Amino acid sequence: MNTLAVILEAPERLALRALEMKPVEASDVVVDIAWSGISTGTEKLLWTGTMPPFPGLGYPLVPGYESVGRIVDAGPDARARVGDWVFVPGANCYTDARGLFGGTAQRVIVPSARALPIPEHLGDAGVLCALAATALHAIKGGFHHRDALPDLIIGHGVLGRLIARLTLALGGKPPTVWETNPARRAGAIGYDAIDPSEDDRRDYHAIYDASGDANLIDTLIMRLAKGGEIVLAGFYSDRVSFAFPAAFMKEAHFRVAAEWQPGDLAETRALIECGRLDLKGLVTNRRPAVEATEAYPQAFTDPGCLKMVLDWSDC
């Protein structure tokens, strides 16, 4: 079985071509992808060639871990799932390319457990489920619930907006969001997105960095209340460091937030279904998958593009 897939042959060298897939095993499902999202975090690092050493990293590779579609076939142990609408957080089903993260293809084969049911009515916004679950995972502190919800968020991209929306959905007070790009301050619903120069507050209890800028840490420490926490919710290609004296005087806490877990996705789905979490307005750009070579650079360089989605319907 073949599939059409986006291939990163090397940094800044992308193609759309057919790949042979591995055989379907007993517990696998075959998913026809409707939409796949382009991540401006890890995928941008893969595109530029600046991704730090990472298990499975190498070219050529199929990127992507934000795909949604329908199960159209399955191995004998998963036949009951045919017809399900699912979110696919990547795939590793190709014989002649690495699956890092492997979801940006017309069709994928994954173990049934990795095809996660989501509401079909979300449409292309369904690609945001993993990022929303990642934001929730950051707020909940992995497996340990934290009482201090975010009161300052750095960056008003999709991750920053999701952290802000989830803060409100979980009953928190409206957080402040810092955004240096004026074009990205619009779209704040129920909270304020401001230029950092307009903020003189220095007693934040929970600062969430969604920018991925490792050079901000010293600045953020100075904005903490004593005993406050800085959560590193982005992905950092540069070494993270900070001056110790200010952190010492603040008795600062630091936490690294990793990727979502299945329980986070289930809770995120429940928040969406009950109407407390709204994903509207976050997918800003849609292009046919055949235009992938133009879509990727636009996703990474256009400040007005929050989330680019590839449409596989015409392939």
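The values are calculated or read from the model by the stated rules, or taken from the named source; none is laboratory data. This one's a predicted model, so the numbers in the text were calculated from it and none came from an experiment. Ideal geometry is used to build each Cβ from the backbone, glycine not excepted, and the neighbour counts take in all protein chains shown. These accessible areas exclude ligands, DNA and RNA; they are computed on the full protein's heavy atoms, side chains included. Shrake-Rupley method; radii C 1.70, N 1.55, O 1.52, S 1.80 Å.
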field: Computed over the stretch 131-256: relative contact order in percent, which uses C-alpha pairs under 8 Å that are six or more apart
entry: 21
- request: Using Cα pairs closer than 8 Å and at least 6 residues apart in sequence, work out the relative contact order for the chain, in percent.
  value: 17
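Between Val82 and Arg239, what FRET efficiency follows from the Cβ-Cβ distance if R0 is 51 Å, with the result rounded to 0.05?
It comes out at approximately 0.60.
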task: Rounded to the nearest 500, what is the 222 nm mean residue ellipticity of the chain from helices alone, with -39500 (n - 2.57) per DSSP H run of 4+ residues and division by all residues?
output: -6000 deg cm²/dmol
query: For the stretch 14-46 and the stretch 115-184, what is the separation of their C-alpha centers, rounded to whole Å?
result: 25
query: Given N residues in the stretch 131-256, what is Rg(Cα) / (2.2 N^0.38 Å)?
result: 0.97
message: With +1 assigned to the C-beta of every Lys and Arg and -1 to the C-beta of every Asp and Glu, and no other charges, what is the dipole magnitude of the stretch 131-256 about the Cα centre in debye, to the nearest 20?
response: 340
- prompt: Sorted by mean Cβ packing within 10 Å, highest first, what order do the peptides 179-189, 260-270 take?
  reply: 260-270, 179-189
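Tally up the carbon and sulfur contribution to the accessible surface of the stretch 131-256 as a whole percent, 1.4 Å probe, everything protein left in place. The partial results should precede the final answer.
Details: 3190 of 5950 Å².
The C+S portion of the solvent-accessible surface of the stretch 131-256 is 54 percent.
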field: Per-selection Kirkwood Rh - the stretch 215-303 (Cα, Å, 1 d.p.)
entry: 17.1
- prompt: In terms of solvent-accessible area of protein heavy atoms at a 1.4 angstrom probe, what is the ranking of Trp35, Trp85, highest value first?
  reply: Trp35, Trp85
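Quote the relative contact order of the stretch 1-85 in percent (integer), defining contacts as alpha-carbon pairs under 8 Å separated by 6+ residues.
Details: 143 pairs, mean separation 31.2, N = 85.
In percent, rounded to a whole number, it is 37.
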- prompt: Of Lys226/Lys280; Lys44/Lys250; Lys173/Lys280; Lys250/Lys307, which sit over 30 Å apart, Cα to Cα?
  reply: Lys226/Lys280; Lys44/Lys250; Lys250/Lys307
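If you count only protein heavy atoms with a 1.4 Å probe, what accessible area per residue comes out for the stretch 188-315, rounded to a whole Å²? Could you put the intermediate results ahead of the total?
Working: 6670 Å² over 128 residues.
Accessible area per residue: 52 Å².
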query: At what distance in angstrom do the alpha carbon centres of the stretch 52-67 and the stretch 241-315 lie from each other?
result: 17
statement: Nearest 10, in degrees from 0 to 90: the angle of helix 129-140 to the longest Cα principal axis of the chain is 30
